[in-house]
Amino acid sequence: MADPVLRVSGLKVNFYTYDGVVKALDGVSLDVAPHETLGLVGETGCGKSVTVNSLVKLIPIPPGRIESGRALLHWPVPCPHCRGKGCGTCGGSGKLDTCEACNGRGTCSACRGHGRFRDGKSCARCAGVGKCYACDATGKRHVDLLALSPRELREVRGSAMSMIFQEAMSALNPVLKIGEQVGESFYYHQREALCRATIARLEKEIERARGAATGAVRIVSLRLYLTLYRWMLNKTESRLLQFLRKVPVVRRYHRWIEKEMEQRSLEALRKVRIPAPEEVLKAYPHELSGGMTQRVVIAIALAGNPKVLVADEPTTALDVTIQSQILRLMQDLKAELGAAIIFITHDLAVIAQIADRVAVMYAGTIAETAPVREIFKRPLHPYTRGLIGAIPRPHQDLVRLSEIPGNVPNLVNPPGGCRFHPRCKFAKAEVCASEKPLLFDVGNGHLVACHMYDQNAPLWTDEDRQPRVEVVAR
Amino acid sequence: MMGEEPMFRVEDLKVHFPILGGILKRPIAWVHAVDGVSFTIRPGETLGIVGESGCGKTTVGRALLQLVKSTGGSIWFAPPADGTPSAPVNLSKIPRRKLRRLRRSIQIIFQDPTSSLDPRQLVKAIVAEPMRIHGLTGLRCTKCGSVVPIHLERPGIACPRCGATTEAVPFKGAQLEARVIELLDRVGLNPEHLFRYPHEFSGGQKQRIAITRALSLRPAFLVLDEPTSSLDVSVQAQILNLLKDLQREYRLTYLFISHNLAVVRYMANRIAVMYLGKFIEVAGKGELFDDPLHPYTRGLLETIPVPDPERRRELALMKGEVPSPVSPPFGCRFHPRCPVAMPHCGWEGRDLQKVLEDAIHEASPDSPLSGAVAEMQADGRTLRIRIGPDPERSRAALDAFLAEGRAVGTPIYQAIEETSQQGDEFVISFRETREPELKEVKPGHAVACYLYE
């Protein structure tokens, strides 16, 4: 696998409620490769949404708290010296993409990759491994999402990582027009590009006004606007500009950038194949159907050109025919954009159709990850086997669906050891109840968190390890 | 005897909801939720109804119980008395009091168990309430005092424990509780759950409570209205298996309503596909899935995602969205979205209006079509177009547009009966068609489509 764009490791999240501490995530580790679609499946309450929401701190804190873990996002930024044009500092690429800690070497900056110092002491920063801690030995520029300040986080949200939420209707503001909501995301995530385009337009307009000799007043006001936009380009969060937007007459300067926003919103709506986008821009969310609002939400999520797009059950509330339209749209857009997608759903059928790789979650832990064909052909974890056997199939007559006995555990007092052991028919009291299983690599990019697949586990036979899904077909 | 006489015979069922408006709050329009549906349900079978949201499938289920009053048609129900069906009654005509007594044998399980259970009642009270209301009697042994369990209950049966005679007693006190425990045990809940409130349970458990409540009256017929759509797959499997087991044990008849074709395939014997208030195809489940006839059914089967990455393919698309049931399309209701529509499928003014609007929208500003239309008004089978400022040019542009469509062979243009000019209005009228009827084309396989007439 290529170097991942996003590597989550050991993510642990608790919620401190009056009923006790909900141990929502217990050491979740995930890799997302560039351009891939990772399907995150699991039942309600297994922590799928908490995982992605805690990456961009969208979980309520408090009661939530991110106890430990890291989430390294590969994020090259435009070179600050040349603003992306290409200069000596960035080697002509216009982008800064070397790890600042190790200067691109990928080795630990404290011990220079030896893992221990000359006096024989083990290096504390890299835990004796010698790899760069900040970039995970890739030498590329990474940020730890979980350690960002609120201000940096705001830059990441929407532009490096954006989200499509399940209920499109509640993701949109009911009192704002669609155009305002789509435009807004451009305003906050692509202000620089917007300013540049506006400045170019203004300059052209000034040229025109000069040629036509329509009056010096207009030229003066246009010049004034031009100054304001140049200022905005340099200081994107200027308080004065924010204030000027509220002053009558002066606030007219903002119309120029609004025009630009509208233009881009139109393009964005066209990209998600909305018919008659001009009318949709002027509509309120309630005037659109469920499928259309979901398309609008997708357009908003794509506005910042994200590297990682998180789709949190985007089709669950939709009908099958509309669901297939949205899935198809996402497949097409993925090919166009080249963003990595984390696709969250509880529907394995959708996963089978859209994902490249699958991570199965159970009660706040990753049970199994594998490429999609592999997981359906050789499901190893007893939970995955049960889950695949429980799906009713549209092209097969089944006599009986296989069941996973029992209920999802309460995460205030989760079962010790493997969290699935009370429902597992292969569980052995000796290990499963006491030791948390690690992710064992069984080849083919297939990782499974089950003691059964430990190399030296004598308690199970090869018969148990057979990837069998119990389906009784007629 | 069983299997021949249908338990339900529904004829031309119609349920229309008024849209009230104006100062007097009079109906200004009607939502045609169910618009002429006929079917039968035989004892012991499961009829599945599938369709997209808003197609009226839930309303059919509710109308069977008369939870919504039907506006037309009749629902003949043969209440089974002691295992043998008696004379059928028309549920839409009988008085309320009689209906209430009949409801004992027709029960419903709703989609959302959270809102169908009273949050302020204990589980015990929830399950016992219907038995108390209907004054259900159980059989008690005259000698040892034990109550005959539900699956053995038959009039005049001897006590299974001691062999003495039994007598009918109304459920009260300890016996009531024993029966509730017995029922809860059957659906996989424990006596410890008796004194809890609904919010203390998970979704699957709540649905089990709802099933218990419906079963407590020993019904013959259950309407299952998307009972698993709010549940997870693994819980869904548990509930579906439970429902299948219960059907066998208590000889129940089901009407299973769902939008999920895979789930319906697992549960039902026969399946009806519904679209905009009409049944468009009814067939045995094998027939329907192996040889779907209606273009809508075919489209539906192609759009569902299959849980098998080996069978991955470009998801087929069905164009557009479900039209409003306030004024459903003429002719075949599916014709605006149908990939194989023909000229006589019921094309009308608003279809052409939409096509023209799109064409004008896409036309370049200097093409003759862009200024040709000032205003359009669709009125049933006709489309009135107030043409643009240059009548000659506009008329020619429109004529050319229609001729081009006709030449390509698009059915909508071929359906045009005549075009005429009245003043500055250009009137296009379509040919008259009727709605295709649900006809049996193969034994046990009925479809409503002109392709098969």
Computed for chain A: size of charge dipole around the Cα centre, +1 on C-beta of each Lys and Arg, -1 on C-beta of each Asp and Glu, debye to nearest 20, value 2000
Can you list the residues, at least 5 places off or on another chain, whose amide H is less than 5 Å from the amide H of A:T98, using H built in the peptide plane? A:R141
So what's Rg/Rh here for chain B, counting alpha carbon atoms and using the Kirkwood radius for Rh? 1.09
If we count every other residue with Cβ under 14 angstrom of B:L402's Cβ, Lys/Arg +1 and Asp/Glu -1, where does the sum land? -3
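Under 1.5 on a/c is rounded, so check that first for region A:300-365, then, if it is not, pick prolate when a/b is larger than b/c and oblate when it is not; a ≥ b ≥ c are the square roots of the alpha carbon gyration tensor eigenvalues.
Values: a/c = 1.72, a/b = 1.18, b/c = 1.46.
Note, shape of region A:300-365 comes out oblate.
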Using a 10 Å Cβ count of at most 13 others and DSSP loop calls, identify the longest part of chain A lacking such chymotrypsin sites (Phe, Trp or Tyr not before Pro). A:118-474
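Based only on other Cβ atoms within 10 Å, what is the fewest-to-most ordering of A:V308, B:V148, A:V272?
Working: A:V308 25, B:V148 18, A:V272 22.
Least to most surrounded, the residues fall as B:V148, A:V272, A:V308.
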DSSP beta bridge pairing in chain A, given as percent antiparallel to the nearest 5: 65
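Can you compute the FRET efficiency between B:D245 and B:N269 using 1/(1 + (r/R0)^6), with r the Cβ-Cβ distance and R0 = 25 Å? Round to the nearest 0.05.
Result of the calculation: an efficiency of 0.95.
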Based on the alpha-carbon gyration tensor of region B:147-276 and its eigenvalue square roots a ≥ b ≥ c, which shape applies: rounded if a/c is under 1.5, prolate if not and a/b is larger than b/c, or oblate? oblate
Count, for each residue of A:315-322, the Cβ atoms from other chains sitting within 10 Å of its Cβ, then give me the mean as a whole number. 6
In Å, the C-alpha Rg and Dmax of the protein assembly as shown are 32.8, 114
Summarise the partner chain shielding of A:345-356 as one whole number: the mean count of Cβ atoms from other chains within 10 Å of each residue's Cβ. 5
List the lysines whose Cα sits under 30 Å from the Cα of B:K143, skipping any in the same chain fewer than 8 residues away. B:K124, B:K172
Region A:392-437: GluC sites (Glu not before Pro) falling in loop per DSSP and having at most 12 other Cβ within 10 Å: A:E430
For q values of 0.15, 0.17, 0.20 Å⁻¹, compute log₁₀ I(q)/I(0) with the Debye formula on a Cα-only model of region B:347-430, without solvent. -0.47, -0.61, -0.87
Viscosity 0.692 mPa s, temperature 37 °C: Stokes-Einstein D of chain A from its Kirkwood Cα radius, in µm² per second? 130
Descending packing, highest mean Cβ count within 10 Å first, for B:274-281, B:114-121 is B:274-281, B:114-121
For the pair A:N305 and B:R120, how long in nm is the line joining their label points, each one 7 Å along Cα→Cβ? 5.9
Relative contact order of chain A (C-alpha contacts under 8 Å, at least 6 apart) in percent is 18
Work out how much length A:A216 to A:T316 would gain on full extension: take 0.36 nm times their residue separation and subtract the Cα-Cα distance, in nm to one decimal. 30.2 nm
The summed charge of the B:I387 Cβ neighbourhood (under 13 Å; Lys/Arg +1, Asp/Glu -1) stands at -2
With a/c under 1.5 counting as rounded, go ahead and sort region A:74-207 into rounded, prolate or oblate using the C-alpha gyration tensor (a ≥ b ≥ c being the square roots of the eigenvalues; past the cut-off, prolate if a/b is larger than b/c, else oblate). oblate
Tail beyond 22 Å, pair distance distribution of region B:119-219 (Cα, percent): 30
If you average the alpha carbon positions of region B:282-303 and of region A:330-358, how far apart do those two centres end up, in angstrom? 27
Mind checking which aspartates and glutamates have their C-alpha under 18 Å from A:K259, skipping anything on the same chain fewer than 8 residues away? A:E180, A:E184, A:E192, A:E203, A:E205, A:E267, A:E278, A:E279
Say the dipole of chain A comes from +1 at the beta carbon of Lys and Arg and -1 at that of Asp and Glu; which of A:V41, A:V431, A:A335 then lies farthest toward its positive end? A:A335
What's the local net charge at B:L293, with K and R +1, D and E -1, over the other residues with C-beta under 12 Å away? -3
Simple spin-label estimate for B:R312 and A:R270 in nanometres, 7 Å along Cα-Cβ: 3.1
As a test of understanding, state the convex hull volume per residue of region A:359-473 from its alpha carbons, in Å³. 109
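Since every read-out is calculated from the coordinates, none of them should be taken as a lab result. Computed from a predicted model, the values in this text were never measured in an experiment. Ideal geometry is used to build each Cβ from the backbone, glycine not excepted, and the neighbour counts take in all protein chains shown.
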